[in-house]
Amino acid sequence: MREELDSSAADCAFCAIVTGGASAHRVLVDEVAVAFLDARPLFPGHVLVVPRRHVVTLTDLPEADVGPFFARVRRVAGAVEHGMGAAGSFVAANNKVSQSVPHFHVHVVPRDRKDGLRGFFWPRTRYASEDEAAEAAARITAALADGNG
């Protein structure tokens, strides 16, 4: 069954998968989300979970959709771990930077100890001082208070 796309999603590769216009190995399809195998997985069983609604980033996802969407992510994470016999999973999303398809998606990657994946995919650092950390926390707190979060 193919669904119709709105004009904002007409060129979106993930919307094509959601509507049935492009093939993918789907593992979950419902009214909230579609989950399918990543075409270029980190490990076999690497799944992408996308909301049916075309939104580019997490902050574009309507608040009422966040809980239902992440309930699907949670289910997929458990299924990936169980189905792939993995010790755990890595669950992550990019917002704009490093987001290869401009449709919000969450990666669920099966993980095992000593699987070769080292923590996060970027270098970790420390704050230069407690003052620098406090300033960063204050800026984020202010943005939340201003309704920007």
*Could you list, in sequence order, all residues of region 21-42 that are open to solvent by less than 50 Å² (accessible area, probe 1.4 Å), within 30 Å of residue 118 (Cα to Cα) and of a type outside the set (Gly, Ala, Ser)?*
28, 34, 36, 38
*Residues being open to solvent by 80 Å² or more (accessible area, probe 1.4 Å), closer than 20 Å to residue 52 by Cβ and not in a loop (DSSP other than H, G, I, E, B) - total across region 78-122*: 0
*Which ones in region 70-109 are over 10 Å from the mean Cα position of the chain (by Cα) and of a type in the set (A, V, I, L, M, F, W, C)?*
71, 76, 77, 79, 80, 84, 86, 87, 90, 97, 101, 109
*Does region 28-77 hold any residues that are touching a residue at least 12 places away in the same chain (Cβ under 8 Å), assigned to a loop (DSSP other than H, G, I, E, B) and not hydrophobic (A, V, I, L, M, F, W, C), and which are they?*
30, 31, 38, 41, 44, 45, 46, 52, 53, 54, 57
*Give me the pairs: first residue in region 127-149 and within 24 Å of residue 63 (Cα to Cα), second residue open to solvent by less than 60 Å² (accessible area, probe 1.4 Å) and assigned to a helix (DSSP H, G or I), beta-carbon distance under 8 Å, and six or more apart or on different chains, which are they?*
149/143
*Residue by residue through region 55-112, note down the ones that are in contact with a Pro (Cβ under 6 Å, 6 or more places away or on another chain) and of a type in the set (Asp, Glu).*
none
*asked:* Residue pairs, Cβ under 6 Å, 6 or more apart or interchain, first in region 108-123 and modelled with pLDDT of 65 or more, second open to solvent by 90 Å² or more (accessible area, probe 1.4 Å) and among the aliphatic types (A, V, I, L, M). List them.
replied: 110/84
*Scan 66, 50 and give me the residue that is at pLDDT 95 or above, farther than 18 Å from residue 11 by Cβ and either open to solvent by less than 10 Å² (accessible area, probe 1.4 Å) or under 12 Å from the mean Cα position of the chain (by Cα) (or both).*
66
*Residue check for residue 138: outside any strand (DSSP E or B), of a type in the set (Gly, Ala, Ser) and either surrounded by fewer than 18 Cβ atoms within 10 Å (Cβ to Cβ) or touching an Asp or Glu at 6+ places or on another chain (Cβ under 6 Å) (or both)*: yes
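The values are calculated or read from the model by the stated rules, or taken from the named source; none is laboratory data. Since the model is a prediction, treat every value here as computed from it, not as a measurement. Methodologically, a virtual Cβ is constructed for each residue, glycine included, from the backbone with ideal geometry; neighbour enumeration extends over all protein chains shown. Ligands, DNA and RNA are stripped out before the accessible areas are found, and what is left, the full protein with its side chains, is counted by its heavy atoms. Shrake-Rupley method; radii C 1.70, N 1.55, O 1.52, S 1.80 Å.
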